[in-house]
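Shown next, in structure tokens, is the structure this report addresses.
The values are calculated or read from the model by the stated rules, or taken from the named source; none is laboratory data. Bear in mind that the values here come from a model prediction, so they are computed numbers and not experimental data. Quick reminder, even Gly has a Cβ in these numbers, built from the backbone with ideal geometry, and neighbours come from all protein chains shown.
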Amino acid sequence: MFAQSESESFVSFHSVPKCEDFFSRELILTDKSKELFELGSDGQGYIGLVDLKNCQIHLVPAFNKNDGLVHVDKNGKRFTQWLQSIQQLGGNTGDLHMQSASILQLGDKAGANGLLMGFGLWKGGIGVKFLSEMPESSLRLIPNEYLLVKNNNDQTWQLMYVNQKRETEIISMETIPGLIEAINKLPNTKKPEQLNYEERREVEQVLRDSDLGKENKAIKFLKNRSSSQNMFSCAYDPIYTVFFNNSLTAGHGSAHSLALRRELPLPVFQKIMDSIGKQLDITGLERLQESPLIPDDTNDNRLRFHLKIESDWMKLLEKLAQNNILTNENKQVIADNAKHAKKITNALITLAKGNILTNENREFITKHPEYADIVSNALILLAQENILTSINGRFIVDNAPYAERVSKAFIILAKNEILTDENKALICEYYPYAIVISNALARLAQEKILEKENRDIIVKNYQCAEVVSNALMFLSQKKILTNENRDLIAEHPQYASILSNALVKLAETDILNNENRDLLAKHPEHAGKISNALVKLAKADILTDENRDLIEKHPQHAEKISEALVQLTQEDILTNENRKRIDEDPENADLILLVHRTFNKS
């Protein structure tokens, strides 16, 4: 059911031209309609009409010709008012609603006069139809009813049950006690459709008493369609029509659009059903957009699906209204991008809360509607830092999947006064690493070394931008950011941190030359061990070619080798023989002196 406050927003997507105060008026179910509903058998169908001039609801029992039913009430008597049609009950039902208008003497209000609304409903309980053949269309099938079909050739009967999805299931008659005996009493000389009330009565009672037949809903099926009335009495807002069409899945779009014009809008239909439910003391008619009472099969153009689309639209409009942005421009944007309506709506609200809901930004979020939420958040971030320009906005939109990341990178660049077109292009080109690259450029700028050579290294090694920028900064701070050292970092960016520390150690010991730099370049992964070893040898004044060769040959054991060389030198036993022992077993180089001392003692 809908609260009155909700009803006020309905006008924004549909109207009732001849009764503009429809939602504020009370709908009255006539006493005659109540009487006819009470007299109806289980599963009885009714044509419904709403007279908009006096707001009365009329229900008229309706049948199809050769529908397998006896056209009488539950007591076997003729209804005082009823109608019959060749057209299937529950289809577009145009002629049935026109017949009803004639019977009720409402012809002057019908059709193009726009003063009648039409719908259909089926009374709860299990219906039983006696047929010579199966209906040719599922539109003629009503949920929760039995079909007894007689084979004209061998005169045998087959029992089928129509479930809630209007799918037929073959039922073994032996499983229902007393059914075969009751069927055997039927006269063989009549066609199934010709059987009268008394002849059918026992079979119907047996079926309704079966376990499968226990269906207790007061109303079991509803339709909100009338081709002869509703397209004149109700009108959808053109913007909603766009939303509806764009919400449909591929295929049969024109059929759905045509069907929509014949249907009562959800709020209208809900008000009618709420009124009927209240006056007949019937429950279970709320939230029709989700109700299994409304068909959702493709043969019926998925009526429930149509109502669900309306429900979604109403929720979106309500969100716009709550944020004071319920304008035609915003509704149109949502309608044009119906497949991403929730994201677009949330994006509009985000922009509005940030006071940046402009035509340009509205266009930005719709360029890639599937990323509207991300783009809107990114635009807000730029606006908060006063850097939301048309150019920056386009950069964001062109990189929509990573928009927030790109915007945060722009902010970092802006805070360091390096938000140039060149840097923006760099960020967008390598958007997965936008934050890392922007931080790297910012560090270089802070160190005042954001020059072409250093920037090029960052660009070339964007995946290692953070460690490379830190290395360049460290070298700069130690006054050794030379072309040679920069090239070494550029050649081995993944080891930039180790190499920069190694270069500084060598420089501080005054042994940073091409020869030692080349040694680092050959084994960058061991740069830390190599630099420690070279420094140790230099301090012991034994950094000779022979000793350097040992380090180069066994870089992973450089520290052990240098320690052994220094100790052997201190003991004055650094001979070629001992150097050879180190070369042969560098991993145990630190044990050579111990072995020598032990041997001498023995």
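Taking the condition of being surrounded by fewer than 18 Cβ atoms within 10 Å (Cβ to Cβ) and not in a loop (DSSP other than H, G, I, E, B), how many residues in segment 325-345 meet it?
Going through segment 325-345 one residue at a time, the tally reaches 6.
Out of 154, 108, I need the residue that is touching a Leu at 6+ places or on another chain (Cβ under 9 Å) and of a type outside the set (A, V, I, L, M, F, W, C). Which one?
Answer to the selection: 108.
Restricting the search to segment 419-452, which residues are part of a loop (DSSP other than H, G, I, E, B), of a type in the set (Val, Ile, Thr) and more than 16 Å from residue 489 (Cα to Cα)? Show your work before the answer.
So in segment 419-452, the residues part of a loop (DSSP other than H, G, I, E, B) come out as 419-420, 430, 447-451.
Filter once more, keeping what is of a type in the set (Val, Ile, Thr): 420, 449.
The answer is 420, and nothing else.
How many of the residues making up segment 1-16 are more than 26 Å from residue 112 (Cβ to Cβ) and either modelled with pLDDT of 80 or more or in a loop (DSSP other than H, G, I, E, B) (or both)?
Here the count works out to 5.
Just need a number here: residues in segment 138-157 that are within 14 Å of residue 172 (Cα to Cα) and touching a helix residue (DSSP H, G or I) at 6+ places or on another chain (Cβ under 8 Å).
Of the residues in that region, 4 qualify.
Give me the pairs: first residue in segment 564-584 and assigned by TED's automatic domain parsing to the domain that holds residue 547, second residue among the acidic types (Asp, Glu) and surrounded by 11 or more Cβ atoms within 10 Å (Cβ to Cβ), beta-carbon distance under 6 Å, and six or more apart or on different chains, which are they?
Matching pairs, first to second residue: 564/590.
Considering (1) surrounded by fewer than 16 Cβ atoms within 10 Å (Cβ to Cβ); (2) at pLDDT 95 or above, say which one residue 258 fails and leave the rest.
Of the numbered conditions (1) surrounded by fewer than 16 Cβ atoms within 10 Å (Cβ to Cβ); (2) at pLDDT 95 or above, the odd one out for residue 258 is (2).
Tell me which of these residue 403 doesn't satisfy, since it passes every other one: (1) surrounded by 20 or more Cβ atoms within 10 Å (Cβ to Cβ); (2) modelled with pLDDT under 95.
If we test residue 403 against (1) surrounded by 20 or more Cβ atoms within 10 Å (Cβ to Cβ); (2) modelled with pLDDT under 95, just (2) comes out false.
For (1) within 15 Å of residue 269 (Cα to Cα); (2) not in a loop (DSSP other than H, G, I, E, B), each residue gets a yes or a no:
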position	(1), (2)
18	no, no
33	no, yes
41	no, no
48	yes, yes
63	no, yes
67	no, no
75	no, no
79	no, no
84	no, yes
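Working only within segment 237-246, note down all residues that are surrounded by 20 or more Cβ atoms within 10 Å (Cβ to Cβ) and under 16 Å from residue 301 (Cβ atoms).
Within segment 237-246, just 244 meets the criteria.
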